[in-house]
Amino acid sequence: MIKARIVVTLKNGVLDPQGKAIEGALGTLGFGGVHGIRQGKVFDVVVDGEDRAKAETDIKAMCEQLLANTVIENYAVEIA
């Protein structure tokens with residue numbers, strides 16, 4: 001088995017209303033001086049097999065086809 005973590009974030013310049021809402025909520029809770037919050041997604045994936053190169057290729061294809069909207073999002077893959 002091969003385990004991977006995929007982190008998907010919005011590209012720079014893409015508006016992030018959820019990040020702004022979180023930033024406002026933190027201010028309301030008394031956490032002043034917090035700025036520039038950007039939200040994202042994390043996927044933990046387990047792929048059967050031992051071929052690390054194939055798993056990495058398959059995971060990148062998953063990101064390109066489903067897990068990330070590559071028009072507005074970046075993704076990073078970390079294989080454990």
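Just so you know, all these numbers are worked out from the coordinates, no wet-lab data involved. Predicted model, so just to flag it, every value in this text is computed and none were measured. Quick reminder, even Gly has a Cβ in these numbers, built from the backbone with ideal geometry, and neighbours come from all protein chains shown.
Here are the numbers for the structure shown:
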{"item": "Residue-span extension gain [residue 7 to residue 48] - 0.36 nm each, minus C-alpha spacing", "result": "12.7 nm"}
{"item": "Estimated FRET transfer efficiency when R0 is 25 angstrom, pair residue 56-residue 35 (beta carbons, to 0.05)", "result": "0.10"}
{"item": "Additional length obtainable on full extension of the chain from residue 14 to residue 71, 0.36 nm per residue less Cα span", "result": "19.5 nm"}
{"item": "Tally of Lys pairs whose C-alpha atoms are under 26 Å apart, taken over segment 2-79, 8 or more apart or cross-chain", "result": "10"}
{"item": "GNM result for the chain, Cα springs below 10 Å: residue of 13, 24, 40 fluctuating most strongly", "result": "13"}
{"item": "Dipole magnitude of the chain, debye to nearest 20 (Cβ charges: Lys/Arg +1, Asp/Glu -1, about Cα centre)", "result": "280"}
{"item": "Where chymotrypsin sites (Phe, Trp or Tyr not before Pro) fall in DSSP loop in the chain, at most 14 other Cβ within 10 Å", "result": "31"}
